[in-house]
C-alpha cells in the first residue's frame, strides 16, 4: 500500500483549488502547474510549490504530458491528480505516470480506453445489460457521402438525430439535426470541432430524445473489488449541451428508480474494471426509461452536490483509493441527507447567445449564507482569457429540502458582487425563481421553452437602471468633492446664483441614460432622459455607497468605479454603466454594416467572398474561442463590400471582420 506525500495537480481553476484544499487536510504537499496566462492565479499561490509551463494554449501547457511529468520529477511529486478535462481521461498519460513510478489519481488506463470512444463504450454497456440507443458511426478518416448517410440515418435511426464527437464531451462537436437537409453541414461542423477539441474527428449519430432528463449516477470503486453508487444527480438544465445547474437527488427519481439507476451504474463500472471516482450518465424519457450515454472516467464538475447530500469528500476518497486503501464504511453505507443545488457561474454573454466573455475581475464575492459553498477559480484582479473554459466558480446550496436549497442559492447569487466581466448570474437567478423549475418539472429542453433573456430579466424591476444611473451620478459627484483640492465642502456645481444642472451620461445595453441633477436649498432635482424624478431624496452619498429615495422607496446602492465603468448593486440587481465621453475621438465609429468580433478568438472559416450577396442571418465568418465555434452572421440582406480578416488570424473583441452593405429595397 502506497502513501502519497506530494501531489501534483495537473489542472487549473476552481478544481485545482478544490484538490489542494483536501490534500492539505490530509497532510499532502501540493504542487501546481501554470501557464503564462495563469502566472498569478489563486491556486498557484495556494499550492506549496508551482512549476511554470511555458505558453498559453492548452496544447502547449496543460495538455503536455511530458511537461507535467517533468514538473513531477523536478518537485519530487509521487502522485498526480488530473482534475477534470485536460489529461484526466487520457489513458496514455495514465500509462506514462505508471512508467515513471508516479501514482495517477484515477482509474486504470484500460478503463479509460474502454470509455474513450463513445461508440465502443456503448457496445460494452449493451453486453453488460445496460440500455443503449441505436447509432451510426463515421470514423475519423472516412469520406462522407451526404445522400447515402441521410438514407442510412432515416432507415436505422430516424429523425431528429443527435451528432456527437466520439471522443471528448462538454457539448463540443455536438449538433441536433431535424431533417436530411441539415445533416451534412452538421456532420462536417461537428467533425471540425471534434478534431480541434479532441484530436480525433470520429463522430456518431443517434436518435435524439426530445427533451429528456439528463440523469447521472456517481460511482466509486476500490482495488479490493468494492463498487458502490453514491446516488444520482439531475443535470437537465443545459445551454448548448453544457450543464449549468445540477442537483442531487433528482426531484423525479423515487427509491425504485434509484435502485435501477444505481444497479445499471454499478454494472457499467464492473464491466470496465473501474477504480476510483466515475460517473455513469443516462438520458431518461418522460416514461422513466433510461438509456446509457457515457461513463466519465474522472471526477465531475458537479461532484459537490453529491458531497453535500452524503457528507463525503470525494477528493479524499480518490486519494485514499489511489493509495490502495479500501473504501471506508461511510462510503459503503452512504445515505442521502437533504438536497443540494449547484450553479456554474460563467463569464459569458447570455444576450449574445452565450458567447464567452473575457476581461478582468474587479470584484468577486458571494454572501456567506447558511448552507452555501463556493468553489472559485478567481479572486479580485483575476484575468479571464480566451484560452480556457469560461467558468468562474461553482456556487452550491444545501438545505433540508429542494425548496430550501433553491431559495438560499437564489438569494446568494442575487446578492453577490460580480464586477468586471459579463456573467450568466441573472439567468441563473431567473431559472431558480421560475415556477416550472421550482416545481422540479424540468428536462433538457427547458431553455428551449423558456427564453434565456426573459428569464435573466424576470427579476429586474423596470426602474432598476434609472435608480442605478442616479446613484452612479451621485457617487461620481461625491468622489469629485472628496478629491477636490479647494473648497472641498462646497457641493460640486455650486454657484452663488441658482446653479444649472450637472449632467452624466451612461450607456447600458445599447441605450443611453442622461442623468441631470442639481442641489437647491438642501433638496435635489433629478431627471433621467428628460423625465423628472419627483420626490428623489439623497439621505447620504459617498463614492462607494449612495442611500437614496426614488419614487417613494428608499434603497442603498453600492457603487464601484473602475475607469469609465460604474458597477452598481442594490436590491434591484446589478448594473454595469459605461460613462459616455463628452468629446468622442473623431473616426472612432465603425463603418455602417461592420461585423464586429463578439469576443477574442481565431478565424477558422470565411464563408463568403467580397461581392457576394447574403441574406440576413447567413454565416459570414466563423470564429473559434475556448474550443467552440461561433458564427458571425449578416445582420441584413445585402452584399459583402469588404472582408478584413483571413483564416487563422487572431482577432480581439470588436475587430471589424467584414462589412455588409444593406440591400436597397
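The values are calculated or read from the model by the stated rules, or taken from the named source; none is laboratory data. All values derive from a computational prediction rather than experimental measurement. Cβ coordinates were reconstructed from backbone atoms using ideal geometry, including for glycine residues, and neighbour counts include every protein chain displayed.
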Exercise for the section: Working carefully through the options 312, 355, find the one that is under 28 Å from residue 509 (Cβ atoms), touching a strand residue (DSSP E or B) at 6+ places or on another chain (Cβ under 8 Å) and assigned by TED's automatic domain parsing to the domain that holds residue 400. Expected result: 355
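Have a look at 54, 82, 42 and point out the one that is buried (at least 18 other Cβ atoms within 10 Å of the Cβ), within 27 Å of the chain's Cα centre (by Cα) and under 26 Å from residue 198 (Cα atoms). Before the answer, list the steps.
Details: 54 fails: buried (at least 18 other Cβ atoms within 10 Å of the Cβ); 42 fails: under 26 Å from residue 198 (Cα atoms).
One residue alone meets the criteria, 82.
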Handout entry: Subset of region 450-476 that is free of Cβ contacts under 8 Å to residues at least 60 places away in the same chain and either assigned to a helix (DSSP H, G or I) or under 21 Å from residue 406 (Cα atoms) (or both) - its residue that is farthest from the chain's Cα centre (by Cα)
Key = 473
Exercise for the section: Return a yes/no flag: does region 68-75 have any residue that is in contact with a helix residue (DSSP H, G or I) (Cβ under 9 Å, 6 or more places away or on another chain), surrounded by fewer than 22 Cβ atoms within 10 Å (Cβ to Cβ), without any contact (Cβ under 8 Å) to a residue 40 or more places away in the chain and at negative phi. Expected result: yes
Practice task
Could you tell me whether any residue of region 204-220 is more than 24 Å from residue 122 (Cβ to Cβ) and either in contact (Cβ under 8 Å) with a residue 24 or more places away in the chain or in contact with a strand residue (DSSP E or B) (Cβ under 8 Å, 6 or more places away or on another chain) (or both)?
Solution key: no
Handout entry: Enumeration of residues in region 90-148 that are more than 30 Å from residue 264 (Cβ to Cβ), in a loop (DSSP other than H, G, I, E, B) and at pLDDT 95 or above
Key = 100, 101, 102
Fill in the blank from the handout: When residue 387 is run through (1) in contact (Cβ under 8 Å) with a residue 40 or more places away in the chain; (2) surrounded by fewer than 18 Cβ atoms within 10 Å (Cβ to Cβ); (3) part of a loop (DSSP other than H, G, I, E, B), the failure sits at (2)
Practice task
Take the residues in region 390-416 that are in a strand (DSSP E or B) and within 23 Å of residue 355 (Cβ to Cβ), then tell me which one is nearest to the chain's Cα centre (by Cα).
Solution key: 391
Practice task
Can you give me the ranges of the strands (runs of 3 or more DSSP E) entirely in region 508-573 with at least 3 residues that are under 35 Å from the mean Cα position of the chain (by Cα) and in contact (Cβ under 8 Å) with a residue 60 or more places away in the chain?
Solution key: 553-562, 565-570
Problem - Which listed residue is surrounded by 24 or more Cβ atoms within 10 Å (Cβ to Cβ), more than 18 Å from residue 332 (Cα to Cα) and assigned by TED's automatic domain parsing to the domain that holds residue 304, from 232, 281, 247 - result: 247
Handout entry: Residue list for region 373-384, restricted to those being buried (at least 19 other Cβ atoms within 10 Å of the Cβ) and free of Cβ contacts under 8 Å to residues at least 60 places away in the same chain
Key = 384
Fill in the blank from the handout: Over region 208-233, the set of residues farther than 23 Å from residue 271 by Cα and either in contact with a helix residue (DSSP H, G or I) (Cβ under 9 Å, 6 or more places away or on another chain) or in a loop (DSSP other than H, G, I, E, B) (or both) is 208, 209, 210, 211, 212
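Return yes when residue 238 is in a strand (DSSP E or B) and surrounded by fewer than 24 Cβ atoms within 10 Å (Cβ to Cβ) and no when it is not.
Criteria met by residue 238.
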Practice task
Output the residues belonging to region 19-40 that are touching a helix residue (DSSP H, G or I) at 6+ places or on another chain (Cβ under 8 Å) and more than 21 Å from residue 299 (Cα to Cα).
Solution key: 35, 38
Practice task
Mind listing whichever residues of region 624-653 are modelled with pLDDT of 90 or more and assigned to a strand (DSSP E or B)?
Solution key: 632, 633, 638, 639, 640, 641, 642, 643
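Would you check which residues across region 367-392 are touching a helix residue (DSSP H, G or I) at 6+ places or on another chain (Cβ under 6 Å) and on the phi < 0 side of the Ramachandran plot and list them?
Residues satisfying the conditions are 367, 369, 372, 375, 376, 377, 379.
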Completion exercise
Checking 283, 295, 305 in turn, the sole residue that is in contact with a helix residue (DSSP H, G or I) (Cβ under 8 Å, 6 or more places away or on another chain) and under 24 Å from residue 209 (Cβ atoms) turns out to be 295
Practice task
Output yes when any residue across region 441-449 is closer than 12 Å to residue 343 by Cβ, touching a helix residue (DSSP H, G or I) at 6+ places or on another chain (Cβ under 8 Å) and either at pLDDT 95 or above or crowded, with 19+ Cβ neighbours inside 10 Å (or both), and no when none is.
Solution key: no
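Of the residues 166, 150, 180, which single one is surrounded by 16 or more Cβ atoms within 10 Å (Cβ to Cβ) and within 30 Å of the chain's Cα centre (by Cα)?
Checking each option against the conditions leaves just 166.
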Completion exercise
The correct count of residues that are over 30 Å from residue 347 (Cβ atoms) and either modelled with pLDDT under 95 or in contact with a strand residue (DSSP E or B) (Cβ under 6 Å, 6 or more places away or on another chain) (or both) in region 250-281 is 11
Practice task
Residue by residue through region 56-88, note down the ones that are within 21 Å of residue 277 (Cα to Cα) and at pLDDT below 95.
Solution key: 85
Handout entry: Residue check, residue 16 touching a strand residue (DSSP E or B) at 6+ places or on another chain (Cβ under 7 Å), over 20 Å from residue 385 (Cβ atoms), in contact (Cβ under 8 Å) with a residue 24 or more places away in the chain and part of a helix (DSSP H, G or I)
Key = no
